[in-house]
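A short write-up of the structure that comes next.
The values are calculated or read from the model by the stated rules, or taken from the named source; none is laboratory data. All values derive from a computational prediction rather than experimental measurement. Neighbour counts run over all protein chains shown; Cβ positions are idealised from the backbone, glycine included.
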Amino acid sequence: MTRHDSIRAITGTTRLFGCIASPTDHVRAPMIFNRIFAERNIDAVMVPVDIPAEQLSEGIKGLKKLGNFKGAAVTIPHKLNLAALCDELGPGARATAAVNAVRFADDDRLLGENFDGHGFVAGLLGENPTDLPPEHILRDKSILIFGAGGAARAIALSLAAQPISRVDVTNRTHSRAEEAVQLVHRLGGNTKVLAIQSNHIDFHAYDMVINATPLGLHENDEMPLDVNLLRIDCLVCDIIMIPERTRLITAAQRSGRPVHVGRYMLDYQVELIGEFIGAFEKNSG
Ligand code: NAP
């Protein structure tokens, strides 16, 4: 399929969906949703919407005024601030105080939800990058998450609901890791999730590490960790989608460690986001 084939003809009845981010060069949602719209013959289009962080509130007010703008996927740096602007949050968003999907309801209300955690766990179980049967991928596993933002919180919460041994959260700003962990304890009732200072990490202790920071989006970014400190069987996961093979993933593969790339986290939540923002409805004007 060529770039042009993947976009359905846009007419006066086409519903408009966005992918709200800043910058937008790394976003994949428009490619995925427009391909689905074309395949399912849905009269809708998704475009990247770059709203600078300090203009978020004004930008959302503007989008509310557009009669055919129905909803959006949301990513960095807006997930936490946009949650605060929503009139109503679904369970995943309340859990993380972050949204990765918003629906512009007809009564002018903004509804938000977060499907990141579900997407990460479903992607891992669905793709199974390990030699284990799916029911053992997470069982009794020790997991280290880098980052404490919206994505890290969502993943920690979803992992906490699995039969893991423990999840440690480490972050550049340690107080945010502690905040994230308290939130997971409060909502998930699972105390197997702990905050850990970067200088206290025993890298050999983990079965799985997850990069949930933006480190790796750009070629010259520093690495979130040195993979050679990990056990050779440690699964190295990155949630960055573009580039698909981040420096972290490439280094882990070269060193012989199993890897899991970021695209699956979104792939496995596309249906949920599409249903929530109303993108997969037909002929709703
Ligand atoms: P966020 O809420 O802004 O959080 C970013 C986190 O990364 C914070 O904990 C931040 O630490 C840390 N961080 C940022 N820059 C850093 C640096 N230079 N060095 C060390 N730590 C740094 O962002 P998010 O929504 O969680 O998203 C994080 C990344 O995941 C983004 O790159 C996004 O594209 C990707 N993502 C992928 C998917 C997917 O479906 N695959 C879904 C969601 C997000 P501080 O607290 O110290 O600022």
### Task
Please go through region 73-92 and pick out each residue that is over 17 Å from Cys19 (Cα atoms) and without any contact (Cβ under 8 Å) to a residue 60 or more places away in the chain.
Ala84, Asp87, Glu88, Leu89, Pro91
### Message
Given the condition farther than 20 Å from Gln269 by Cβ, touching a strand residue (DSSP E or B) at 6+ places or on another chain (Cβ under 6 Å) and of a type in the set (Gly, Ala, Ser), answer yes or no: does some residue in region 155-173 qualify?
### Response
yes
## Note on the structure
Per the filter on region 43-96, residues within 16 Å of the ligand (Cβ to nearest atom) and of a type in the set (S, T, N, Q) are Thr75, Asn81, Thr96
#### Entry: Members of region 144-163 found to be surrounded by 20 or more Cβ atoms within 10 Å (Cβ to Cβ) and more than 16 Å from the ligand (Cβ to nearest atom), listed by number
Ala160
### Query
Limited to region 21-42, what total is found for residues that are among the charged types (D, E, K, R) and more than 16 Å from the ligand (Cβ to nearest atom)?
3
### Options Leu80, Leu111; residue that is closer than 21 Å to Ser175 by Cα and either touching a Ser or Thr at 6+ places or on another chain (Cβ under 7 Å) or outside the structural domain of Asn211 (by TED's automatic domain parsing) (or both)
Leu80
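Tell me, which strands (runs of 3 or more DSSP E) wholly within region 190-285 include 1 or more residues that are within 14 Å of the ligand (Cβ to nearest atom), in contact (Cβ under 8 Å) with a residue 12 or more places away in the chain and among the small types (Gly, Ala, Ser)? So that I can check it myself, show each step before the final result.
Working: elements: 193-195, 208-211, 235-238.
Answer list for region 190-285: 193-195.
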### Message
Which numbered condition in (1) within 24 Å of Val99 (Cα to Cα); (2) buried (at least 19 other Cβ atoms within 10 Å of the Cβ) is the only one that Arg257 fails?
### Response
(1)
### Query
In the list Leu248, Leu235, Leu230, which residue meets the criterion of being in contact with a His (Cβ under 8 Å, 6 or more places away or on another chain), more than 30 Å from Pro91 (Cβ to Cβ) and surrounded by 22 or more Cβ atoms within 10 Å (Cβ to Cβ)?
Leu230
